[in-house]
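A.B. asks: Have a look at this one.
Derivation of every value follows stated rules applied to the coordinates shown; laboratory data play no part. For clarity, every value in this text was computed on a predicted model and none was experimentally measured. Every residue, glycine as well, gets a Cβ built from its backbone with ideal geometry; the counts of neighbours run over all protein chains shown.
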Amino acid sequence: MKANGKAFKFGKNINTDEIIPAKYLNTTDAKELASHCMEGIIGNDFAKKVKGGDIIVAGRNFGCGSSREHAPYSIKSAGVSCVIAESFARIFYRNSINIGLPILESKTAARGIKEGDKIEVDFTKGEIRNVTKGKVYRSQSFPAFMEKIIKAGGLLKMIQDSYL
Amino acid sequence: MGYTITQKILMAHCGKKALKPGDFIDARIDLCLGNDITAPLAIREFERIGAKKVFNKNKIALIPDHFTPNKDMKSANQCKVLSQFASKHNIKHYYEVGRMGIEHVLLPELGLVLPGDVVIGADSHTCTYGALGAFSTGMGSTDLAAAFITGRCWFKVPESIKFVYKGKLNKWVGGKDLILHTIGDIGVDGALYSAMEFTGDTIRKLSMDDRFAMCNMAIEAGGKSGIVEPDAITEKYVKSRWASAAGKVNKRAHKLYRSDSDAKYKKIREYDVKKIEPQVSTPYLPSNAVAVSKLKKVSIDQSVIGSCTNGRISDLRVAAKILKNKKVKSSVRTIVIPATQQIYLDALKEGLVEIFIDSGAVVSTPTCGPCLGGHMGILGAGEVAVATTNRNFKGRMGDLTSKVYLSNPAVAAASAIKGRIAHPEEV
């Protein structure tokens, strides 16, 4: 599995209210949620600028705050192919794995990549390539249990065989 | 090597004889919870993969509390998804407006969470129930959908951090101040992925309402859960729930767990609570905690007293004590939100509602409402609120240029009178 796109850079402690403000949580519509992605950050027109395949790069504790799955869902629905951060808040991490939004933890990538850099990700190798800067960063590998969920295509697909 | 209370509860629910932090386990759950924001997504996924039956109609709670009473048509349609699912699957613990309360206050009040339980909820503040000596944690809608089907959930066994509080609390200082101070100490990701175990002689004397307020905000330090070892105060609370008309039907067996004296902790933090005065967390992170007396004049437009953190009866009593025979400043909108119908009724019987209304405050039906910028008290551009809620992120209560200062109910009430953030001793 691979991803490539342009980097959109965000700071640390980006919370789910910033990713998708609560006023939009009265819907579960993918398109509508995508159109408000990152709207809780002042002066941000991410939803207008993002193109399919683009990559979000952020600092520590990305996705902190509420449990709203609408947050990773709006990012995924906006066409983002991967989120790279120094670290992720626990519920966001779990939600992303469960719904199949690729996320990677890499301090060096999160710090080295700048806004607009062209990025290529090889998930199998755990390799993040900064094409613009000609640099390669390593990402943390997933625990085997999570690999299983990712390979199955999400949590519900994984339990489907045993329970349904 | 001994085990922490968290490890013991998880071990009992996954059928293993031993475990360690970092292990992935598949555990049986005693209760799972969804609300009007998170459950519709879970229900959609449940139906999308063709699930026909829930694992146990008595172990699912559906509480429409965020945008209710329905604030607009879209919210009404979201709530309809819950009520229809509840009726189709005969869900026992579905609480419609009129019986509905803020989920993390309502479930313990009904005796639905007991010591030793494992509870998951599609709401980040599910960690509240740790106050009862249960393991409870928030997650997303897909996890909830899976739990609806399987009655189980996967967990990575967390490391535990021990927080020891020593000494006698100062006047006007409660559980909210202890947790704000703690988050200020360790930061918003200071307990990332960890269980926060609150202990010490201060905690042993702390009321259940204060313990709930503390565990409620474990998530604001990135914690997976917050927990207090059960003791006589916990048991008295549980018995009082079974004595209540609504709670007696929920009586069931439970188990009290305690941490072993040789249990391993990732970190131990100690606090001398005599040094802690009422705390205020300034925008835009709960970790920006400062002593209220350190704040320069911060004028406010609104004061909110309520939420899953501080909407309990003892919170309202403290606020009423300060507001009695006083008026809130005419420029301040003071919004009091009892967290459940029972609390509302108790406040009414105790004369608290009259005190609030006499003071110029408004008393609302139970709802999460303003805490998440939902409804019933949204802030306009540049407006400032002091709130007993749990998050002060940018735009949390309304306009992106508005600000929220987090405090305990005494500070929120005193500030409403003064029109600026104030120490309760000032009024």
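A.B. asks: Given charges of +1 on the Cβ of Lys and Arg and -1 on the Cβ of Asp and Glu, with all other atoms neutral, how large is the dipole of chain B about its Cα centre, in debye to the nearest 20?
C.D. replies: 420
A.B. asks: Now for a separate question. Looking at the protein assembly as shown, what % of its DSSP beta bridges pair antiparallel, to the nearest 5?
C.D. replies: Here the share of antiparallel DSSP bridges comes out near 30 percent.
A.B. asks: Something else about it: In a Gaussian network model over chain B where Cα atoms closer than 10 Å are linked, find which of B:PRO21, B:PRO370, B:PRO64 has the largest mean-square fluctuation.
C.D. replies: Top of the fluctuation ranking is B:PRO21.
A.B. asks: Let me ask another. Which whole number gives the average, over all residues in B:40-52, of C-beta atoms from other chains lying within 10 Å of the residue C-beta?
C.D. replies: Numbers: counts 4, 8, 2, 1, 1, 7, 1, 0, 1, 7, 2, 5, 1.
Per-residue shielding by partner chains comes out at 3.
A.B. asks: Output the pairs from B:LYS297/B:LYS324; A:LYS51/A:LYS118; B:LYS16/B:LYS239 with a Cα-Cα distance over 21 Å in this structure; if there are none, say none.
C.D. replies: From the list (B:LYS297/B:LYS324; A:LYS51/A:LYS118; B:LYS16/B:LYS239), the Cα-Cα distance tops 21 Å for B:LYS297/B:LYS324; B:LYS16/B:LYS239.
A.B. asks: Let me ask something else about it. Find how many whole Å separate the alpha carbon centroid of segment B:175-202 from the alpha carbon centroid of segment A:12-74.
C.D. replies: So the separation of the two Cα centres works out to 27 Å.
A.B. asks: How much of the DSSP bridge set in chain B is antiparallel, in percent, rounded to the nearest 5?
C.D. replies: Within chain B, antiparallel bridges account for around 20 percent of the total.
A.B. asks: Would you mind pulling out the separation of the Cα centroids of segment B:291-370 and segment A:90-164, in Å?
C.D. replies: Rounded to whole Å, the Cα centres lie 45 Å apart.
A.B. asks: Give, as a single signed number, the net charge of other residues whose beta carbon lies under 14 Å from the beta carbon of B:ILE343, with Lys and Arg counted +1 and Asp and Glu -1.
C.D. replies: Result for the local shell: -2.
A.B. asks: Right, another one. If the cut-off is a Cα-Cα distance under 24 Å, which lysines reach B:LYS168, setting aside same-chain residues fewer than 8 apart in sequence?
C.D. replies: Cross-link targets: B:LYS176, B:LYS205, B:LYS236, B:LYS267, B:LYS274, B:LYS275, B:LYS294, B:LYS321.
A.B. asks: List the lysines whose alpha-carbon lies under 21 Å from that of B:LYS53, not counting same-chain residues fewer than 8 positions away?
C.D. replies: Correct list for B:LYS53: A:LYS157, B:LYS80, B:LYS88, B:LYS92.
A.B. asks: Does chain A come out rounded, prolate or oblate by the C-alpha gyration tensor, with a ≥ b ≥ c the root eigenvalues, rounded set by a/c under 1.5 and, if not, prolate when a/b is larger than b/c and oblate if not?
C.D. replies: Taking the square roots of the gyration eigenvalues as a ≥ b ≥ c, chain A is oblate.
A.B. asks: Which trypsin sites (Lys or Arg not before Pro) in segment B:148-208 sit in a loop by DSSP (not H, G, I, E or B) and have at most 11 other Cβ atoms within 10 Å of their own Cβ? Please report the intermediate quantities before stating the final value.
C.D. replies: Working: sites: B:ARG152, B:LYS156, B:LYS162, B:LYS166, B:LYS168, B:LYS171, B:LYS176, B:ARG204, B:LYS205; in loops: B:LYS168, B:LYS171.
Loop-located and lightly packed - B:LYS168, B:LYS171.
A.B. asks: Can I ask one more? Please label the shape of segment B:269-427 as rounded, prolate or oblate, based on the square roots a ≥ b ≥ c of the eigenvalues of the alpha-carbon gyration tensor (a/c under 1.5 means rounded; beyond that, a/b larger than b/c means prolate, else oblate).
C.D. replies: It comes out rounded by the Cα gyration axes.
A.B. asks: Pop out the ³J(HN,Hα) list for segment B:260-275 in order, Karplus 6.51 cos²θ - 1.76 cosθ + 1.60 with θ = phi - 60°, rounded to Hz; leave Gly and Pro as x.
C.D. replies: 6, 5, 9, 5, 9, 10, 5, 7, 10, 10, 10, 10, 8, 6, 4, 8
A.B. asks: Same structure again: So who's got an amide H within less than 5 Å of the one on B:ALA61, skipping anything under 5 residues away but keeping other chains? H placed 1.01 Å off N, in plane.
C.D. replies: Answer set, sorted by chain and number: B:CYS32, B:LEU33, B:GLY34.
A.B. asks: Counting only other chains, and only Cβ atoms inside 10 Å, what mean value do you get across the residues of B:146-159? Before the final figure, lay out each step's value.
C.D. replies: Working: counts 8, 1, 0, 6, 3, 1, 2, 1, 9, 1, 6, 0, 1, 0.
The mean count of partner-chain Cβ atoms within 10 Å per residue comes to 3.
A.B. asks: Got a sec to turn the phi values of segment B:104-121 into Karplus ³J(HN,Hα) couplings, 6.51 cos²θ - 1.76 cosθ + 1.60 with θ = phi - 60°, whole Hz, x for Gly and Pro?
C.D. replies: 6, 9, 5, 4, x, 4, 7, x, 7, 10, 10, x, x, 6, 10, 10, 10, x
A.B. asks: Checking the a/c ratio against 1.5 first, then a/b against b/c, what shape does the Cα gyration tensor give for the protein assembly as shown?
C.D. replies: Since a/c stays below 1.5, the shape of the protein assembly as shown is classed as rounded.
A.B. asks: How many Cβ atoms of partner chains, on average, are near each residue of A:25-34 if near means within 10 Å of its Cβ?
C.D. replies: Partner Cβ neighbours, averaged per residue: 5.
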